[in-house]
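A short worksheet on the structure shown next.
Where a number appears in this text, it was derived from the coordinates with a stated rule and is not lab data. Everything quoted here is computed from the prediction, not taken from an experiment. Ideal geometry is used to build each Cβ from the backbone, glycine not excepted, and the neighbour counts take in all protein chains shown.
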Amino acid sequence: MTAETKSIDYVMEAASGPHFSGLRLSPAASPPPLRLPTLDSSDSPSADSTSHKQPFVIGVSGGTASGKTTVCDMIIQQLHDHRVVLVNQDSFYRGLTEDELRRVHEYNFDHPEAFDTEQLLECVETLKSGQPVHVPIYDFKTHQRCSDSFRQVNASDVIILEGILIFHDQRVRSLMNMKIFVDTDADVRLARRIRRDTVQRGRDINSVLEQASFLFLLCLLMSYHHVDACYFAKTMLSVQYAKFVKPAFDDFVLPSKKYADVIIPRGGDNHVAIDLIVQHIHTKLGQHDLCKIYPNVYVIHSTFQIRGMHTLIRDRDTSKHDFVFYSDRLIRLVVEHGLGHLPFTEKQVTTPTGSVYSGVDFCKKLCGVSIVRSGESMENALRACCKGIKIGKILIHRDGDDGKQLIYEKLPKDICERHVLLLDPVLATGNSANQAIDLLIQKGVPESHIIFLNLISAPEGIHCVCKRFPSLKIVTSEIDEKLNEEFRVIPGLGEFGDRYFGTDN
């Protein structure tokens, strides 16, 4: 959940006493000015510096018992197509010394120095590098880490960091792609805090109430026990709250709110905000860095199904039958996604119930063009999606080492009036693609009417095509790492045409 002995953020103003156990009291910080949440924080990694292979790191902060864990659980539940791990700041509490244990009620668990931030940094950096880590387990009854056990956390697509002080250290913030602050009313958080400490952490109710907020207890006892308010006010002022909880919230938690990209009022009850955040994460997870450079490049949304099919067709030991089967499935998805970028017209129809349905009509002027011969593997999927579609062919063959191109083409006569789906499963250097696109433009096809469909693309090929034809659209299922010295896509999938048509060795 959140910090060790944290309570409600406000209620009474009191001077803070000295901090015990060597925890340094930082100067009080004034609350930050209100600002509109943004998804482009200066603390987030830039688009150019963040590798698309690295996980998406989300920081979730807020006051004690504000609903951070509920928000995290809802995000994890909705990101069911991705591997998600939760790393809790509470796991990185420092174990107390014997002297600190004897005076545990004077120990400030809300102070940044109560945490081993260096180990937290090392943990997150290791996960971002794709390696598993051992996260310590903290015992909230003994105030010590478990020496004989730990929690192994494996590398994942999404890493969620949760804790009240997760935004305090700039080094930790710099590792995050998105920062969320959960903002919940103090009385609601207090009720959750009491329930958490007594039920989940096994504490005595008296010790919990000793740290509880004055106003909440006042209301509680007045409602259920008819206690005189003035008498209660004189006898139940919380020393723990005055010393640690309120000052720590004012000094460290509340000021960190200014670093948030998104602020969620009401915590887990705000389903609209959480849905928008999940949609944004889905977009970022499926968005390669090149998509940010070239807005005309589209990578279909990745799921475990798509990753699984890519794993099969990239495996050199996969049989021809399985290679063809799963390649066809992926090609169909790419074709469907490409068709979504075609223009449409509004159309109304009458349903069998006699009702009127307002929908859209498909683009009528359409044709496919395959780059022989690998591109021919994509023709069946296009025919399955577009009944009776015309398909032309272009053959581009390099003749020797002089760079000359021998070109054969057979295209529909009215191709200049059509939108063209250009088919080639692998975009490598981009030279053949540029030659084919040049030919289509020479035939009168507007550049903006060409959609290039492929299964995998190399960054070099995308640069080559998009710089020359910025109005053309590229739709692919994955962008690979690079080209090697032999101009092969890495990691790639080998010679696609040979594997698909069974002519490989």
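Taking the Cα centre of each part, how many Å lie between region 74-117 and region 249-301?
Cα centres, region 74-117 to region 249-301: 23 Å.
Give me the one-decimal Kirkwood hydrodynamic radius in Å for region 287-501, with the sum taken over alpha-carbon pairs.
Details: mean 1/r = 0.0555 Å⁻¹.
Evaluated over region 287-501, this radius sits at 18.0 Å.
How big is the antiparallel share of DSSP beta bridges in region 287-501, given as a percent to the nearest 5? Present the calculation step by step, with values, prior to reporting the outcome.
Working: 15 of 40 bridges.
Here the share of antiparallel DSSP bridges comes out near 40 percent.
DSSP loop trypsin sites (Lys or Arg not before Pro) in region 92-147 with at most 13 other Cβ atoms within 10 Å of their Cβ, which ones? Show your work: numbers first, answer last.
Values: sites: 94, 102, 103, 128, 141, 145; in loops: 94, 103, 141.
Hits after loop and neighbour filter: 103, 141.
Beyond 28 Å between alpha-carbons counts as too far, so tell me which of 141/179; 258/482; 292/482; 364/482; 347/390 fall in that bin. Walk me through the numbers on the way to the answer.
On the way: 141/179 31 Å; 258/482 39 Å; 292/482 18 Å; 364/482 37 Å; 347/390 24 Å.
Check vs 28 Å cut-off fails for 141/179; 258/482; 364/482.
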